[in-house]
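Reviewing the structure listed below.
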Amino acid sequence: MAIKLPIYMDYHATTPVDPRVVEAMVPFFTTHFGNAASRNHPFGWEAEEAVEKARKQVADLIGANAKEIVFTSGATESDNLAIKGVAEMYREKGNHIITCVTEHKAIIDTCKRLEKDGYRVTYLPVKKDGLISLDDLRSAISDKTILITIMTANNEIGVIQPIAEIGAIAKEKGVLFHTDAVQAVGKVPFNVNDLKVDMASMSAHKMYGPKGVGALYVRRRNPRVLLAPIIDGGGHERGMRSGTLNVPGIVGFGKAAELCKQEMAAESERLSKLRDRLDDRLHKGLDEIYINGSTEHRLPHNLNISFAYVEGESLLMGINDVAVSSGSACTSASLEPSYVLKALGAGDDLAHSSIRFGLGRWSTNEEVDYVADKLINVVTRLREMSPLYELAKEGVDLSTMQWQTD
Amino acid sequence: MAYSSKVIDHYENPRNVGSMPKEDPNVGTGLVGAPECGDVMKLQVKVNPQTGVIDDAKFKTFGCGSAIASSSLATEWLKGKTVDEALAIKNTDIVNELSLPPVKIHCSVLAEDAIKAAITDYKKKQQAAAGKVSEAHAQPTM
């Protein structure tokens with residue numbers, strides 16, 4: 001089979017919309033264009049019915065009740081709503097929030113803003129495998145703690161935090177538990193009751209749905225979670241999120257959730273085999289490459305590898321017909337390498353040398369083989385021109401060298 | 001990020017990749033940058049002791065495409081220049097030649113630093129050698 005270039009291997013960033021999802025959405029742009037809040041004519045009823053169907057489809061994917069789903073514009077908004085909403089609603093009870101250093105910026109920056117408003121935030125460190133320590137979590141909880149927010153799966157290294165254990169601790173201590181589940185929902189089993197999660201953020205475009213729509217699961221029983229809204233207006237979504245509903249987007253999200261539920265088992269098995277194929281081929285062709293993060297507690301479709309002695313952006317330049325991401329500072333505007341990889345304590349040089357591969361619904365064996373072979377060639381070529389590789393081969397310990405920095 | 005065609009050319013066909021013996025008294029070596037910053041450049045010049053002209057230049061770079069291109073271009077420019085002419089190469093010359101965007105200016109600065117470090121190393125070696133020679137001459141009279 002001929003390979004179509006460029007190859008997309010960045011499914012953690014976004015996913016294409018499944019054609020079956022597009023098909024479900026189309027009528028809601030044109031013929032069924034009503035406002036779901038219009039209560040007095042069939043255009044509104046149709047739209048509302050479609051939204052409620054989608055609400056159930058999303059709820060079913062995570063073992064929730066449809067009434068517990070609040071539609072938003074995406075996971076960033078869901079994260080903001082969960083954290084700011086709890087912070088405001090439970091301020092009387094306490095002002096302490098616990099999160100983790102490897103969270104998505106939508107969590108970290110929201111917490112930082114609350115710190116300016118007088119809240120106290122504990123950023124738990126992660127171990128070398130990218131997972132938090134449950135002992136650290138336990139000892140961080142105080143009588144002022146109102147919220148624990150820990151992501152389910154990391155967007156860079158794909159490691160899956162011990163969510164069920166965190167949920168049990170939160171329940172035992174009477175603290176609310178939110179998880180940014182964007183990378184996990186639809187990819188691996190995720191049940192809000194088994195995991196004892198009180199709130200969970202989701203995004204349609206990470207699971208073959210459209211961009212611009214997401215959801216926040218908000219538990220209604222044991223305990224009933226109350227949130228102060230961050231967007232005021234017409235009182236949509238039970239007052240938690242005002243604004244006219246994005247009906248076509250929500251319909252697409254629902255369809256995408258339904259497909260993920262049906263196909264998750266087969267798809268995750270196929271993708272984990274594909275991921276292992278990529279990993280094996282790279283390891284056979286190259287020495288000194290390191291997987292970042294736990295290989296045991298990990299999304300089936302994620303691989304994050306550091307190619308020692310080679311800088312990430314120059315690597316991406318050499319595989320410019322493959323879409324992947326790098327933790328290299330040169331690929332970001334900040335000139336700082338990935339804070340997630342730095343948090344693992346692997347050393348900044350390995351953070352600069354990392355590539356994130358995200359496989360997905362349309363990834364194939366042929367693509368994996370092409371990408372692996374191309375990378376082996378490029379890494380070999382770049383190592384030949386790397387002074388670090390030369391020094392290492394001469395037996396110099398790079399970590400003890402005195403580098404000339406500004 | 002879009003690269004200029006010159007950066008891509010240097011990345012795909014780097015000039016003068018390699019190493020020369022560090023111990024050679026006519027070779028000056030500059031090693032600048034740091035792995036944790038994402039850029040390390042090694043630049044070497046080989047100077048003809050009779051003429052003071054740089055006969056050969058080699059580089060090895062760990063860094064982004066612009067860093068590789070900056071050091072590759074530097075080696076091209078160094079060949080045939082005298083040591084003093086080499087010291088006159090400015091990072092802005094590299095920026096202009098490669099059309100580097102503002103976020104990549106540090107790559108050109110590093111290349112200029114590497115040139116200066118290599119020449120400083122060469123000069124140090126020459127002085128040390130001259131010192132040894134005068135010592136050797138001095139010995140018999142003692």
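Of note:
- In segment B:36-56, the qualifying residues are those that are within 14 Å of another protein chain (Cβ to nearest Cβ) and surrounded by 24 or more Cβ atoms within 10 Å (Cβ to Cβ), and the one that is modelled with the lowest pLDDT is B:38.
- You will find that of A:52, A:46, the residue that is under 29 Å from the mean Cα position of the chain (by Cα), assigned by TED's automatic domain parsing to the domain that holds residue A:71 and without any contact (Cβ under 8 Å) to a residue 24 or more places away in the chain is A:52 and no other.
- Considering A:242, A:203, the condition of being surrounded by fewer than 16 Cβ atoms within 10 Å (Cβ to Cβ) and in contact with a Gly (Cβ under 6 Å, 6 or more places away or on another chain) is satisfied by A:242 alone.
- Residues that are closer than 20 Å to residue A:264 by Cβ, small (Gly, Ala, Ser) and surrounded by fewer than 24 Cβ atoms within 10 Å (Cβ to Cβ), drawn from segment A:346-374: A:360, A:363
- Test: residue in segment B:102-122 that is within 14 Å of another protein chain (Cβ to nearest Cβ), over 19 Å from residue B:15 (Cα atoms) and hydroxyl-bearing (Ser, Thr, Tyr): yes
- Filter result (touching a residue at least 60 places away in the same chain (Cβ under 8 Å) and under 20 Å from residue A:349 (Cβ atoms)) within segment B:22-50: B:30, B:31, B:32, B:33, B:39, B:41, B:42, B:43
- One residue stands out among those in segment A:316-351 that are among the β-branched types (Val, Ile, Thr) and not in a loop (DSSP other than H, G, I, E, B): the one that is modelled with the lowest pLDDT, which is A:331.
- Residue check for residue B:17: surrounded by fewer than 24 Cβ atoms within 10 Å (Cβ to Cβ), within 30 Å of residue A:355 (Cα to Cα) and within 9 Å of chain A (Cβ to nearest Cβ): yes
- Any hit, segment A:388-398, residues being in contact with a Lys or Arg (Cβ under 6 Å, 6 or more places away or on another chain) and either over 20 Å from residue B:36 (Cβ atoms) or among the hydrophobic types (A, V, I, L, M, F, W, C) (or both): no
- Considering segment A:375-388, the residues that are surrounded by fewer than 21 Cβ atoms within 10 Å (Cβ to Cβ) and in contact with a helix residue (DSSP H, G or I) (Cβ under 6 Å, 6 or more places away or on another chain) include one that is farthest from the other protein chains (Cβ to nearest Cβ), namely A:376.
- Residue that is nearest to the chain's Cα centre (by Cα) [pool: residues in segment A:204-243 that are among the basic types (Lys, Arg) and in a loop (DSSP other than H, G, I, E, B)]: A:211
- Counting only residues that are buried (at least 24 other Cβ atoms within 10 Å of the Cβ), β-branched (Val, Ile, Thr) and away from every other protein chain (no Cβ under 14 Å), segment B:67-91 holds 0 of them.
- Checked against the criterion of being more than 25 Å from residue A:164 (Cβ to Cβ) and touching a strand residue (DSSP E or B) at 6+ places or on another chain (Cβ under 8 Å), the candidates A:301, A:297, A:236, A:283 yield just one match: A:283.
- Verdict on residue A:70 being β-branched (Val, Ile, Thr) and under 30 Å from residue A:305 (Cβ atoms): no
- Residue list for segment B:38-59, restricted to those being among the polar types (S, T, N, Q), assigned to a loop (DSSP other than H, G, I, E, B) and under 16 Å from residue B:123 (Cβ atoms): B:48, B:51
- Considering segment B:20-35, the residues that are in contact with a helix residue (DSSP H, G or I) (Cβ under 6 Å, 6 or more places away or on another chain) and within 12 Å of chain A (Cβ to nearest Cβ) include one that is nearest to residue A:308 (Cα to Cα), namely B:35.
- Residue that is farthest from residue A:218 (Cα to Cα), among those in segment A:244-278 that are small (Gly, Ala, Ser) and touching a residue at least 40 places away in the same chain (Cβ under 8 Å): A:268
- Of all the residues in segment B:1-21, those that are part of a loop (DSSP other than H, G, I, E, B) and either small (Gly, Ala, Ser) or without any contact (Cβ under 8 Å) to a residue 12 or more places away in the chain (or both) number 6.
- Filter result (over 13 Å from the mean Cα position of the chain (by Cα) and more than 7 Å from chain A (Cβ to nearest Cβ)) within segment B:57-66: B:66
- Condition met for residue A:395 (assigned to a loop (DSSP other than H, G, I, E, B), more than 26 Å from residue B:71 (Cα to Cα) and at pLDDT below 95): no
- In segment A:140-159, the residues that are farther than 19 Å from residue A:201 by Cα and part of a loop (DSSP other than H, G, I, E, B): A:141, A:142, A:143, A:144
- Here the condition is being more than 14 Å from chain B (Cβ to nearest Cβ) and either crowded, with 23+ Cβ neighbours inside 10 Å or within 27 Å of residue A:101 (Cα to Cα) (or both); of A:296, A:313, A:336, it holds for A:296 alone.
The values are calculated or read from the model by the stated rules, or taken from the named source; none is laboratory data. Since the structure is predicted, the reported quantities are computational estimates derived from the model, not experimental observations. When we count neighbours, we look across all protein chains shown, and the Cβ atoms used for this are built from the backbone with ideal geometry, even at glycine.
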